[in-house]
Amino acid sequence: MKILPLRLEADVADKMDAARRAKGIKNRMELFRVAIGAYLAQVGARRRRALRESQRPGV
């Protein structure tokens, strides 16, 4: 496990806390893990889609 220091503007942290509470997420760390996981899944899906499209005949 690695520790990553992070500084955020107070208003950004407040918005994160509001979003976290609205989604029923326990704490900021869990919010980060969920958000980063979703982002990485989305990036992976885009890369897979681009690869499929590049392999189509006539592309």
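Every number here is computed from the coordinates shown, using simple stated rules; none is lab data. Given the structure is predicted, the values throughout are model-derived calculations rather than measurements. In this analysis, Cβ positions are derived from the backbone assuming ideal geometry, glycine residues included, and neighbour counts consider all displayed protein chains.
Brief remarks on what is shown
- Think of the chain as a dipole: +1 on every Lys or Arg Cβ, -1 on every Asp or Glu Cβ, centred on the Cα centre; then among Leu6, Ala41, Ser54, Ser54 lies furthest on the positive end.
- Compared with the dominant Cα axis of the chain, that is its longest principal axis, helix 28-55 is turned about 10°.
- Angle between the chain longest axis and helix 10-23 axis [Cα atoms, degrees, rounded to 10]: 80 degrees
- Sparsely packed loop sites in the chain (the trypsin sites (Lys or Arg not before Pro) outside DSSP H, G, I, E and B with at most 14 other Cβ atoms within 10 Å) comprise Lys2, Arg7, Lys26.
- About the centre of its Cα atoms, the chain shows a dipole size close to 360 debye [charges on the beta carbon of Lys, Arg (+1) and Asp, Glu (-1) only; nearest 20 debye].
- Evaluated at q = 0.13, 0.14, 0.16, 0.19 Å⁻¹, the base-10 log of the normalised Debye intensity for the chain, with identical point scatterers placed on the Cα atoms, takes the values -0.53, -0.58, -0.66, -0.79.
- Highest-MSF residue in the chain out of Ala19, Ala35, Ala45 [GNM, Cα springs under 10 Å]: Ala45
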